[in-house]
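Single-structure report; data block below.
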């Protein structure tokens with residue numbers, strides 16, 4: 001599993017880490033039952049605080065995506081959920097593709113579309129965090 | 001020490017004549033995490049660290065490290081046995097070789113980890129038998145770090161540890177700090193290198209002109225600081241946006257730029273209510289947060 005983090009982004013690193021592990025599960029890069037790296041190894045590999053990895057792992061456990069087994073580490077527990085997600089993600093991508101196509105027809109440049117998406121996502125995330 | 005602070009100061013002050021090197025500092029450094037002490041040159045970082053270790057005496061206020069009162073010499077002595085400190089200028093014995101330095105220093109510490117020392121010797125590619133005085137600055141820094149890391153302290157205090165290291169050396173340093181933290185060692189390091197702080201710190205304290213300006217978890221800073229760029233049909237009125245969390249407002253014609261340390265969504269709502277033509281929110285990196293807070297001080 002390859003992970004890449006952006007320490008300069010406006011998003012906590014543990015959230016980035018969660019997203020990437022989720023993405024790995026959705027794309028099949030992370031298989032059901034597969035063991036994830038130990039906290040120490042992942043922290044050293046990514047050069048991030050071990051607390052960041054601990055936070056990401058425990059949140060993912062809370063979501064049911066991984067299981068922490070005492071003394072032996074973290075394991076992926078994907079099953080149905082992921083297949084369900086994969087279908088949804090694919091459907092969502094088709095809808096986004098259509099929307100982008102329409103916006104281009106309206107004369108918007110890709111850069112403008114990207115900015116609009118990012119602004120809306122950030123706004124949505126902030127409103128959600130507020131609640 | 002679990003849960004409690006590893007470092008705590010109350011109104012800690014150090015003056016040199018009329019110059020306040022450290023002013024009314026209330027510091028709280030939690031256990032089991034990596035805390036960065038960020039500030040410009042001359043901000044008071046080294047002075048604070050020396051006060052914490054009892055190397056200089058405060059003009060006012062008090063400090064406890066690992067629960068020991070620094071002003072009490074007996075407590076302070078005990079405490080310093082459990083703290084490893086890497087000074088800014090890395091004082092070492094120039095006539096010794098790294099191998100001799102390691103043998104010398106290890107004799108003082110019963111918990112000395114020879115395996116860790118050997119591993120770091122290899123990793124840092126330190127020559128065992130060359131005299132310290134003939135080593136490069138980077139090599140000397142690495143040796144000083146090795147001597148601190150192999151002691152197995154409860155708390156690691158480093159003053160500008162990356163000074164004099166090349167990019168490979170910095171990467172090795174950060175990796176070792178992360179590994180130390182994974183073993184439950186609390187890390188407190190001063191730096192003016194924002195990129196390294198951004199990568200490994202859990203918590204950041206920004207010091208400027210002897211005063212503590214920011215004391216927050218990096219996750220919180222990342223999540224709450226936002227720059228909001230607004231465009232209106234007519235020249236906007238600044239006072240409409242003066243609300244809690246708004247740190248700075250700049251206007252230029254029909255455009256407005258707001259820097260918010262929190263409540264960014266309220267700024268966005270206000271902008272929509274005032275019929276803004278364009279509202280763009282973007283994250284603010286630690287570099288900008290640092291520059292903004294220091295500029296306002």
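The values are calculated or read from the model by the stated rules, or taken from the named source; none is laboratory data. Model, not experiment: these values are computed from the prediction. In this analysis, Cβ positions are derived from the backbone assuming ideal geometry, glycine residues included, and neighbour counts consider all displayed protein chains.
Odds and ends about this structure:
- Number of the exception - residue B:266 against (1) more than 11 Å from chain A (Cβ to nearest Cβ); (2) more than 30 Å from residue B:25 (Cβ to Cβ); (3) surrounded by fewer than 20 Cβ atoms within 10 Å (Cβ to Cβ): (1)
- For segment B:123-164, the set of residues classified as farther than 24 Å from residue B:205 by Cβ and outside any loop (DSSP other than H, G, I, E, B) consists of B:123, B:132, B:133, B:134, B:137, B:138, B:139, B:140, B:142, B:143, B:146, B:147, listed by residue number.
- Within segment B:149-164, being over 19 Å from residue B:45 (Cα atoms) and surrounded by fewer than 21 Cβ atoms within 10 Å (Cβ to Cβ) holds for B:152, B:154.
- If you check B:117, B:99 for being over 19 Å from the mean Cα position of the chain (by Cα), surrounded by fewer than 18 Cβ atoms within 10 Å (Cβ to Cβ), modelled with pLDDT of 90 or more and more than 14 Å from every other protein chain (Cβ to nearest Cβ), only one passes: B:99.
- Some residue of segment B:165-174 being part of a loop (DSSP other than H, G, I, E, B), more than 9 Å from every other protein chain (Cβ to nearest Cβ), within 15 Å of residue B:90 (Cβ to Cβ) and without any contact (Cβ under 8 Å) to a residue 60 or more places away in the chain: yes
- Residue count for segment A:87-131, restricted to those that are touching a helix residue (DSSP H, G or I) at 6+ places or on another chain (Cβ under 7 Å) and farther than 26 Å from residue A:25 by Cα: 6.
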